[in-house]
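Here's the structure, in structure tokens; my notes come after.
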Amino acid sequence: MTEAVEYDVVVLGAGPVGENVADRTRAAGLSTAVVESELIGGECSYWACVPSKALLRPALARADARRVPGLSGAVQGPLDAKAVLARRDERVGDWDDTGQAEWLDSIGVRLYRGHGRLRGPRSVVVDGAEKEHHLLTARHAVVVATGSRAVLPDLPGLAGARPWTSREATSAREVPARLVVVGGGVVGVEMATAWQALGSRVTLLVRDGGVLPRMESFVGEHVVDALREAGADVRLNTSVAAVDRPGGSTGPVTVVLGDGGSVEADEVLFATGRAPRTDGIGLDSVGLADGSWLTVDDSCRVEGTDWLYAVGDVNHRALLTHQGKYQARIAGAAIAARAQQVPLLETDRWGAHSATADLAAVPQVVFSDPEAAAVGLSLAEAERAGHRVRAVDYDLGSVAGAGLYAEGYRGHARMIVDLDREVVLGVTFVGPGVGELLHSATVAVAGEVPIERLWHAVPAFPTISEVWLRLLEAYRG
Ligand SMILES: Cc1cc2nc3c(=O)[nH]c(=O)nc-3n(C[C@H](O)[C@H](O)[C@H](O)COP(=O)(O)OP(=O)(O)OC[C@H]3O[C@@H](n4cnc5c(N)ncnc54)[C@H](O)[C@@H]3O)c2cc1C
Ligand SMILES: NC(=O)c1ccc[n+]([C@@H]2O[C@H](COP(=O)([O-])OP(=O)(O)OC[C@H]3O[C@@H](n4cnc5c(N)ncnc54)[C@H](O)[C@@H]3O)[C@@H](O)[C@H]2O)c1
């Protein structure tokens, strides 16, 4: 063990969130060390957001082009899977994080490569690759930003069947001829979309009655219809009982269904949720449960401590890169303010030290075909929270801009209005190209823009954004 080195702030995990915390605390003049056991940039850069979107972009661009007469004839052929995978590799920097390490260096953050774990309050041990160990102490804060990993269900035969998780699904070097995807959440839907477009025959097995259960139910209906039209075999209300790959790590795999049937494939992806990467990081040395999600206040400080923060996936507030990076900006500001002994932090709603948007305005785009995009509360969430609301619905296909965007455009929009305050609590869109529409809704929801002022926000003709006008007209009668 080397002699203890003291920093103002020690960050565990250099995913997008840990990087952003370090950036903020350095910008505030605090000495900062970051510990990373794999690649700087984390899951998002190498096995999640970036590679998945690189796989999906050609699928969505082709689907869009196929809906435009005069162009569709030119894009009827298959995708060039080799070229798509090569672009994916390029987008993830061939899983090399040299550039990211240089960036940390350029902002004056000290990087320790190795596994980090707490050893009592404000103390972190780094177990490095060459069996070296470093002891780091933090004057002001330790930030846990160790992210999450895929969860596999406890099913007979699964452990020996070399299943794919999101890591293999985003980094595979060949297109399996047949792919079974288990799970109708975001990963399941996006990966079913991508691999079906790349040439796999996809079977999507969904335990519940629909996909994307956290969004308004009309979203999943559009997405299932389109997946089926694209050739995927989508089976709802279908559970998996066992998995069998007789060849061990090679050869076909059989997925045994709850009703006794089975599906044979070349690979099986389990997209069945996430667990926090908080096991083996010494939480027990500070009185917390090993392997647990970490409960935090709105400044992202772990409840019951004055020095430990948990930011990003580990706090389970919103498992999204942009939301974790937002939390990083809030937590970084709170750490700096507390270090400077600012007497009163701005922890009130929408204050500089309160991640209020986590509760009221989380945006998400699902890059399925059609895209799904939502921010804020769904109708059910708003009603559960006790708001007096009205849902305003509009057929996106009736908007002039949508008709120009794609022949036979199919989509839907819903706006949830708080009837007492006359502000928008949530918006959901499903349809081709709606992902880029979402930020307008996020501004309206986070800004709590009164409906009467939104009336003056004129959407350009002929864009799909004119759906805003239609929703407002429908609301105002
Ligand atoms: C397939 C897929 C697609 C996704 N697509 C999107 C998307 O399009 N948009 C979006 O917003 N979100 C997306 N997400 C979610 C997004 O990936 C996560 O929300 C995001 O990566 C969380 O960032 P993080 O920094 O908290 O954790 P991570 O990105 O998981 O980073 C944590 C880092 O900590 C390191 N670490 C862990 N334990 C230790 C330790 N003990 N010592 C040192 N280092 C450690 C890890 O190696 C890792 O580098 C997707 C997720 C998946 C699985
Ligand atoms: N575009 C994006 O923003 C994007 C893309 C991918 C992932 N993500 C984030 O990553 C996180 C993880 O996504 P995910 O899809 O892995 O998890 P998820 O929790 O969103 O979905 C998992 C699904 O698997 C089902 N499931 C769980 N156990 C099962 C079992 N034994 N058999 C069958 N089904 C089972 C669940 O009912 C659920 O619908 C999400 O929170 C999501 O926000 C975001």
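The values are calculated or read from the model by the stated rules, or taken from the named source; none is laboratory data. Note that the structure is a prediction, hence the values are computed from the model and not measured. For neighbour counting, all protein chains shown are included, and Cβ atoms are generated from backbone atoms with ideal geometry for every residue, glycine included.
Test Asp259 against the stated conditions and say whether it is modelled with pLDDT of 95 or more, assigned to a loop (DSSP other than H, G, I, E, B) and within 11 Å of ligand 1 (Cβ to nearest atom).
no
Sort out which residues of the range 303-314 are within 15 Å of ligand 1 (Cβ to nearest atom) and either of a type outside the set (Ser, Thr, Tyr) or outside the structural domain of Ala145 (by TED's automatic domain parsing) (or both), and write them in order of number.
Scanning the range 303-314 gives Leu308, Ala310, Val311, Gly312, Asp313, Val314.
Taking the stated definitions as given, is Ala242 within 27 Å of Val92 (Cβ to Cβ) and in contact with a strand residue (DSSP E or B) (Cβ under 7 Å, 6 or more places away or on another chain)?
The answer is no for Ala242.
Spot the failing condition for Val253; the list is (1) closer than 17 Å to Ala169 by Cα; (2) within 16 Å of ligand 1 (Cβ to nearest atom), and only one is missed.
Only one criterion is unmet by Val253, namely (2).
Which members of the range 1-23 meet the condition of being of a type in the set (A, V, I, L, M, F, W, C) and assigned to a helix (DSSP H, G or I)?
Within the range 1-23, Val17, Val21, Ala22 meet the criteria.
Can you confirm whether the range 26-37 contains a residue that is surrounded by fewer than 17 Cβ atoms within 10 Å (Cβ to Cβ) and of a type in the set (Ser, Thr, Tyr)?
No, the range 26-37 contains no residue that is surrounded by fewer than 17 Cβ atoms within 10 Å (Cβ to Cβ) and of a type in the set (Ser, Thr, Tyr).
Would you please list the contacts, defined by Cβ atoms under 8 Å and residues six or more apart or on different chains, that run from a residue in the range 141-157 that is closer than 17 Å to Leu294 by Cα and in the same structural domain as Arg117 (by TED's automatic domain parsing) to a residue that is assigned to a strand (DSSP E or B) and of a type in the set (Asp, Glu)?
Sorted first by the residue in the range 141-157, then by its partner, the pairs are Ala141/Asp8.
Would a scan of the range 440-447 turn up a residue that is polar (S, T, N, Q), within 26 Å of the chain's Cα centre (by Cα), part of a helix (DSSP H, G or I) and more than 30 Å from Val302 (Cβ to Cβ)?
Yes, the range 440-447 contains a residue that is polar (S, T, N, Q), within 26 Å of the chain's Cα centre (by Cα), part of a helix (DSSP H, G or I) and more than 30 Å from Val302 (Cβ to Cβ).
Residues that are within 16 Å of ligand 1 (Cβ to nearest atom): find the strands (runs of 3 or more DSSP E) completely inside the range 315-411 holding 2 or more of those.
363-366, 371-376
Tell me the strands (runs of 3 or more DSSP E) entirely within the range 115-173 that contain at least 1 residues that are among the hydroxyl-bearing types (Ser, Thr, Tyr) and within 30 Å of Cys49 (Cβ to Cβ).
Because the criterion is at least 1 residues that are among the hydroxyl-bearing types (Ser, Thr, Tyr) and within 30 Å of Cys49 (Cβ to Cβ), the strands (runs of 3 or more DSSP E) in the range 115-173 that meet it are 148-150.
In the range 264-282, how many are among the hydrophobic types (A, V, I, L, M, F, W, C) and not in a strand (DSSP E or B)?
Summing the residues that are among the hydrophobic types (A, V, I, L, M, F, W, C) and not in a strand (DSSP E or B) in the range 264-282 gives 2.
Starting from residues that are free of Cβ contacts under 8 Å to residues at least 60 places away in the same chain and of a type in the set (Gly, Ala, Ser), keep the ones in the range 38-69 and report whichever is farthest from ligand 2 (Cβ to nearest atom).
Ala65
Any idea how many residues of the range 412-437 are farther than 13 Å from His222 by Cβ and either outside any strand (DSSP E or B) or of a type in the set (S, T, N, Q) (or both)?
8
Determine whether the range 283-301 contains at least one residue that is of a type in the set (Asp, Glu), in a helix (DSSP H, G or I) and surrounded by 21 or more Cβ atoms within 10 Å (Cβ to Cβ).
No, that holds for no residue.
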